[in-house]
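Derivation of every value follows stated rules applied to the coordinates shown; laboratory data play no part. Everything quoted here is computed from the prediction, not taken from an experiment. When we count neighbours, we look across all protein chains shown, and the Cβ atoms used for this are built from the backbone with ideal geometry, even at glycine.
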Amino acid sequence: MSTPDRLIESTRELLWERGYVGTSPKAILERAGAGQGSMYHHFKGKPDLALAAIRRTADELLAAAEGVLAGPGTPYERIEAYLRRERDVLRGCPIGRLTMDPDVIASAELRAPVDETLDRIRERIAGIVEEGKEQGQFAASLDGEEIAATVLATVQGGYVLARASGSAAAFETGVRGLLSLLAPRAS
């Protein structure tokens with residue numbers, strides 16, 4: 001792995017573990033096994049490196065979500081697959097956690113990939129809900145945007161509840177509850 005890639009990967013891990021403020025240049029260099037001048041040789045500084053790390057994390061998260069949401073099955077089954085996909089629930093969402101970081105939220109540049117990622121997932125799910133309505137699988141009265149926001153809120157809130165309780169059960173309970181509300185109508 002190249003030095004810039006090691007720096008980006010180390011920053012991604014540290015942002016997920018410690019947040020932006022808790023991620024010092026020294027910690028990044030130590031984790032990457034890179035020399036002191038390496039970060040500034042490849043990046044303008046911590047904000048530039050953090051942005052590269054956040055973008056890579058966002059791209060990875062979007063690819064994983066799209067892989068499930070574009071997969072086989074009915075609209076309900078694809079939403080179910082998204083909600084039930086393998087996650088490290090107790091670690092939380094590497095993008096969602098950044099929304100609680102005041103330094104990330106205060107920076108339009110650092111916040112942009114976070115907002116874009118959540119928006120794209122929400123839009124994709126809204127489209128799937130609309131597809132399900134057209135097929136008669138979901139009630140015509142459902143609003144795709146509202147359901148998509150509810151799906152994201154369930155996932156992100158589930159992470160918070162699981163971390164607070166130290167158990168993935170809270171996440172799983174929220175997912176089961178949402179899926180029971182979305183269950184296809186009987187024909």
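Side notes on the structure shown:
- Some residue of region 65-79 being in contact (Cβ under 8 Å) with a residue 24 or more places away in the chain and either touching a Leu at 6+ places or on another chain (Cβ under 6 Å) or on the phi > 0 side of the Ramachandran plot (or both): yes
- Residues of region 28-50 satisfying the condition of being crowded, with 16+ Cβ neighbours inside 10 Å, within 23 Å of ALA106 (Cβ to Cβ) and either within 20 Å of the chain's Cα centre (by Cα) or not β-branched (Val, Ile, Thr) (or both): MET39, PHE43, LYS46, LEU49, ALA50
- For region 43-119, the helices (runs of 4 or more DSSP H) that sit wholly inside it and include 3 or more residues that are among the hydrophobic types (A, V, I, L, M, F, W, C) and over 23 Å from LEU161 (Cα atoms) are 46-69.
- Residue, surrounded by the most Cβ atoms within 10 Å (Cβ to Cβ), within region 136-187, restricted to residues that are hydroxyl-bearing (Ser, Thr, Tyr), in a helix (DSSP H, G or I) and touching a residue at least 24 places away in the same chain (Cβ under 8 Å): TYR159
- Annotation note: of ARG122, ARG97, the sole residue that is under 17 Å from the mean Cα position of the chain (by Cα) and closer than 17 Å to ILE79 by Cα is ARG122.
- Once region 85-107 is narrowed to residues that are of a type in the set (Lys, Arg) and closer than 20 Å to ARG120 by Cβ, the residue that is surrounded by the fewest Cβ atoms within 10 Å (Cβ to Cβ) is ARG85.
- When region 149-187 is filtered for residues that are of a type in the set (Gly, Ala, Ser) and closer than 25 Å to GLU134 by Cβ, the ones remaining, listed by number, are ALA149, ALA153, SER180, ALA183, ALA186, SER187.
- Scanning region 6-27 for residues that are crowded, with 16+ Cβ neighbours inside 10 Å, in a loop (DSSP other than H, G, I, E, B) and in contact (Cβ under 8 Å) with a residue 60 or more places away in the chain gives GLY19, TYR20.
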